[in-house]
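Reviewing the structure listed below.
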Amino acid sequence: MSKIKIAVLVSGGGTNLQALIDAEKSGIIKSGSISLVISNNETAYALERAKAADIKTTVITKKACGSQDAFEEKLIEILKGENIDLIVLAGFMSILSVKFTSRFDKRIINVHPSLIPSFCGKGFYGLKVHEAALEKGVKVTGATVHFVNEIPDGGEIILQKAVCVEDGDTPEILQKRVMEEAEWKILPEAVEKVSYKLIKGV
Ligand code: GAR
């Protein structure tokens, strides 16, 4: 069975990328293969993780491109040039315009560290999401994998998993628990689910 080609877009540590790499190795992801990692941050540790797994890497920064438009044009050029079928945003800290998202309808997925529609949208990323959850005093949070459209964190939900907030949690402790118990599990599962559907054409 031929596999679909996956590009993973990253900005930072890349623990979700690592979960995807491990899931491909262990066979949880079997309908797709990670063939490219793109970072918008040249110092992202995620790049080291990709290199260690022998995955091609590219760095594209908004600064070098000069504008969001030129940045997205460059991204599109590279993704099309590599015949990428599915784009996974794994800790990618840049909002993509409708011009970009409409080019890849139902072919971009994102992992977000809360139960959407809570604590999501513009300004909610990384640790800020967990700070907001603790400030609100929610007792349950979690992670969501969703399709990406022009609305930040607004696309169709693919998978979600709940995680308990515990007494004494700091944003860092909560972030780690959400990653371990939810993100690193549902992101690979969602990638396999979407890849399988793309192969079957459903
Ligand atoms: C993850 O928690 C991811 O869900 C979040 O940033 C972290 C990246 O960690 N993404 C967002 O907040 C996007 N809105 P990683 O680089 O170790 O995967």
### Top-ranked residue in the stretch 119-137 [being buried (at least 17 other Cβ atoms within 10 Å of the Cβ) and in a loop (DSSP other than H, G, I, E, B); ranked as nearest to the ligand (Cβ to nearest atom)]
Tyr125
### Query
In the stretch 1-14, how many residues are within 15 Å of the chain's Cα centre (by Cα) and buried (at least 18 other Cβ atoms within 10 Å of the Cβ)?
8
### Task
Return the only residue of Ile95, Ile108 being under 19 Å from Trp184 (Cα atoms) and not hydroxyl-bearing (Ser, Thr, Tyr).
Ile108
### Query
Taking Ala46, is it buried (at least 21 other Cβ atoms within 10 Å of the Cβ), over 24 Å from Gly123 (Cβ atoms) and in contact with a Leu (Cβ under 8 Å, 6 or more places away or on another chain)?
no
### Task
Please specify each residue of the stretch 83-97 satisfying the condition of being over 23 Å from Ser31 (Cα atoms) and away from the ligand (no atom under 12 Å from the Cβ).
Ser97
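No value in this document is a laboratory result; all are computed from the given coordinates. Here the structure is a predicted model, which is why all the values come from computation and not from measurement. Methodologically, a virtual Cβ is constructed for each residue, glycine included, from the backbone with ideal geometry; neighbour enumeration extends over all protein chains shown.
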